[in-house]
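Report on one structure; see the data block that follows.
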Amino acid sequence: MRTETSLESAVHEYHDDPEYILEGLLYDLTEQIVQAMQRQRVSRADLAERLGVSRAYVTQLLRGKPNTTLRTLVRVAAALGLKLQASLVRRASSVRLPRSASARGRRPAGRV
């Protein structure tokens, strides 16, 4: 019988963690942006010019800048002639909010 490696164990443990899910989404979207840029032969400088931002900002964005917003992703998609799509799908297991937000009966920040 095969035993789980420590990496597999960690992935299994954090698989439902909202921060882990967010990092995975940002990674996937960044990869899609890079692929679109390569297909279209768009450089970082070209993308920066289209967005009206610095090349350094585009570099941060493509490295998975932690504060990337949906608004930014929509702008990047539009600059590449693409459209960002998002969807909510049912999960096999539920994800619990961190105790700090749910215990006090408050909603997380943002519009709901």
Those residues of the stretch 78-87 which are under 14 Å from I33 (Cα atoms) and either without any contact (Cβ under 8 Å) to a residue 12 or more places away in the chain or in contact with a Cys (Cβ under 9 Å, 6 or more places away or on another chain) (or both), in sequence order: A78, K83, Q85
Residues that are among the charged types (D, E, K, R) and either within 18 Å of Q35 (Cα to Cα) or crowded, with 16+ Cβ neighbours inside 10 Å (or both), drawn from the stretch 45-77: D46, R50, R55, R63, K65, R75
Long-range neighbours under 8 Å by Cβ, at least six apart or interchain, first residue free of Cβ contacts under 8 Å to residues at least 40 places away in the same chain within the stretch 58-76, second of a type in the set (K, R) and outside any loop (DSSP other than H, G, I, E, B): V58/R44; T59/R44; L62/R44
Helices (runs of 4 or more DSSP H) within the stretch 1-103 that include 3 or more residues under 14 Å from the mean Cα position of the chain (by Cα) and modelled with pLDDT of 90 or more: 18-40, 55-62, 70-79
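The values are calculated or read from the model by the stated rules, or taken from the named source; none is laboratory data. This structure is a prediction, so every number in the text was calculated from the model and none was measured. Cβ coordinates were reconstructed from backbone atoms using ideal geometry, including for glycine residues, and neighbour counts include every protein chain displayed.
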